[in-house]
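The values are calculated or read from the model by the stated rules, or taken from the named source; none is laboratory data. Computed from a predicted structure; not experimentally measured. So basically every Cβ, Gly included, is an ideal-geometry build from the backbone, and we count neighbours across all protein chains shown.
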Amino acid sequence: MSEIIKLLFLINFSLFLVHEMDAVKQQEWKMLIWLKNLEDEKAYKIFTAIHIPLYVFLLFGIMDTSNNTSTIFLIIIDVFLIFHASIHFFFKKHKNNEFNSYFSKIVINAMAIISVAQIILLKLTA
């Protein structure tokens, strides 16, 4: 795997972590159907705890050095981040959507753009 693809992944991973910090600040759980009606403190704890297995999955993928597995991992993450940006786009008018700042929008959209670039580079280098 090329160094540029690794760098793009690390940038995307960092953007994802920043987005998740922003998601806590913006109380993203208020947009999630299964958490929106809970008391904020309880919803915050569940929302945050859900990220533990997600981070384990991401860190496991980063640590796996086998070329075939890491390529599949990157594609899964890229597809997820593109889908994730689409969800934010379709929910931009949601009454509890607080991701209205340029900062939030840049982070979300940058992940999708980098993911598209990474998929293209993965195809070109295959």
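For the stretch 66-77, a residue qualifies if it is surrounded by 14 or more Cβ atoms within 10 Å (Cβ to Cβ), touching a residue at least 60 places away in the same chain (Cβ under 8 Å) and not β-branched (Val, Ile, Thr), and the qualifying residues are SER70, LEU74.
Considering only residues that are under 21 Å from LYS36 (Cα atoms) and assigned to a helix (DSSP H, G or I), look in the stretch 84-107 and name the one that is farthest from the chain's Cα centre (by Cα). Can you show your working first?
Of the stretch 84-107, the ones under 21 Å from LYS36 (Cα atoms) are 84-100, 104.
From what's left, assigned to a helix (DSSP H, G or I): 84-90, 104.
Numbers: HIS84: 7, ALA85: 8, SER86: 11, ILE87: 11, HIS88: 11, PHE89: 14, PHE90: 16, SER104: 12 Å.
Top of the filtered list is PHE90.
Would you check if there is a residue in the stretch 64-71 being within 21 Å of ALA85 (Cβ to Cβ), of a type in the set (Val, Ile, Thr), assigned to a helix (DSSP H, G or I) and touching a helix residue (DSSP H, G or I) at 6+ places or on another chain (Cβ under 8 Å)? Within the stretch 64-71 (the criterion being within 21 Å of ALA85 (Cβ to Cβ), of a type in the set (Val, Ile, Thr), assigned to a helix (DSSP H, G or I) and touching a helix residue (DSSP H, G or I) at 6+ places or on another chain (Cβ under 8 Å)), the answer is no, since none of the residues qualifies. Comparison of PHE57, PHE90, PHE13 shows that the only residue that is touching a Leu at 6+ places or on another chain (Cβ under 7 Å), at pLDDT below 95 and not β-branched (Val, Ile, Thr) is PHE13. ILE52 meets the stated requirement of being modelled with pLDDT of 95 or more and over 19 Å from LEU122 (Cβ atoms).
Quick check on the stretch 18-39: of everything there that is hydrophobic (A, V, I, L, M, F, W, C) and surrounded by 13 or more Cβ atoms within 10 Å (Cβ to Cβ), which residue is nearest to ASN97 (Cα to Cα)? My answer is MET31. Inclusion of ILE77 among residues that are modelled with pLDDT of 90 or more and β-branched (Val, Ile, Thr) is warranted.
None of ASN109, ASN97 is more than 27 Å from LEU8 (Cα to Cα) and out of contact with any Ser or Thr (no Cβ under 8 Å at 6 or more places or on another chain) except ASN97.
For LYS42, the stated conditions hold: it is surrounded by 11 or more Cβ atoms within 10 Å (Cβ to Cβ) and either touching a strand residue (DSSP E or B) at 6+ places or on another chain (Cβ under 8 Å) or over 15 Å from LYS6 (Cα atoms) (or both). For MET63, the conditions (1) exposed (fewer than 14 other Cβ atoms within 10 Å of the Cβ); (2) among the aliphatic types (A, V, I, L, M); (3) within 13 Å of the chain's Cα centre (by Cα) are fulfilled apart from (3). Taking the stretch 1-60 as the range and being over 20 Å from MET111 (Cβ atoms), among the β-branched types (Val, Ile, Thr) and either outside any helix (DSSP H, G or I) or touching a residue at least 60 places away in the same chain (Cβ under 8 Å) (or both) as the test, only ILE33 passes.
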